[in-house]
């Protein structure tokens, strides 16, 4: 390419950068570090999915129809936020440049009470510690080192965690289903009338502060569970797993030679 063509290309690129900056300036501001906060308008949604290490944080201070993307300036344009079929999809746009994976990326979303499903993968975390997620039903799916931390009040909770994903929640529910596999850790406090929980593949269930009337617990493949039951407990342990329970409850217990189900003394 000759020098004139190069100059034309540089001028065009500079013009695009200046134009983009003018468009976004009113909606961008720096946080306390090197990151920018960009407010984006989005359509209505009832589900959220995130990946690529982008965290989602719920806030009671946000208004419906807006989200805030927080990231370093160089990756702001690579963070995609689009609503498809009622789901807010958050991901990273592929880049031909080679650089380390950006850190401290998050999208702040309003706590509208309309969310029924949340999916996180690839090290993305769901942060709801400063709010309470409410509704008739909530489905959580976290995998690949993604974590959930927050407060939940629902009629029905369905939580599936795998691949080193962790759940740490204060939960009030009528019914719940919990599944942990592949080294997942599930930590719960609160209460439920009925709960089915299964941990496998070296996963742990820490639910000694989670009071359940009717509890069905299964542990396999070197997994451990600590539970609290006030009505009837059905507990099954196999493959080197252990279940420890507390509470004034009737029990139906089964285990194998390498496993145990015992009352906490």
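The values are calculated or read from the model by the stated rules, or taken from the named source; none is laboratory data. Note that this is a predicted model, so its numbers are computed, not measured. Cβ placement follows ideal geometry from the backbone for every residue including glycine, while neighbour counts extend to all protein chains displayed.
Some points to look at:
- Test: residue in segment 47-55 that is surrounded by fewer than 18 Cβ atoms within 10 Å (Cβ to Cβ) and either over 16 Å from residue 125 (Cβ atoms) or not assigned by TED's automatic domain parsing to the domain that holds residue 130 (or both): no
- Checking 84, 109 one by one, the residue that is under 14 Å from residue 45 (Cα atoms) and either touching a helix residue (DSSP H, G or I) at 6+ places or on another chain (Cβ under 8 Å) or surrounded by fewer than 16 Cβ atoms within 10 Å (Cβ to Cβ) (or both) is 84 and no other.
- Exactly one residue out of 247, 239, 164, 180 is at pLDDT 95 or above, within 30 Å of residue 127 (Cβ to Cβ) and surrounded by fewer than 21 Cβ atoms within 10 Å (Cβ to Cβ): that is 164.
- Strands (runs of 3 or more DSSP E) contained entirely in segment 130-212, each with at least 2 residues that are under 17 Å from the mean Cα position of the chain (by Cα) and over 22 Å from residue 109 (Cβ atoms): 166-181, 185-199
- A single entry from 215, 228 fulfils the requirement of being over 14 Å from residue 198 (Cα atoms) and either free of Cβ contacts under 8 Å to residues at least 24 places away in the same chain or surrounded by 17 or more Cβ atoms within 10 Å (Cβ to Cβ) (or both): 228.
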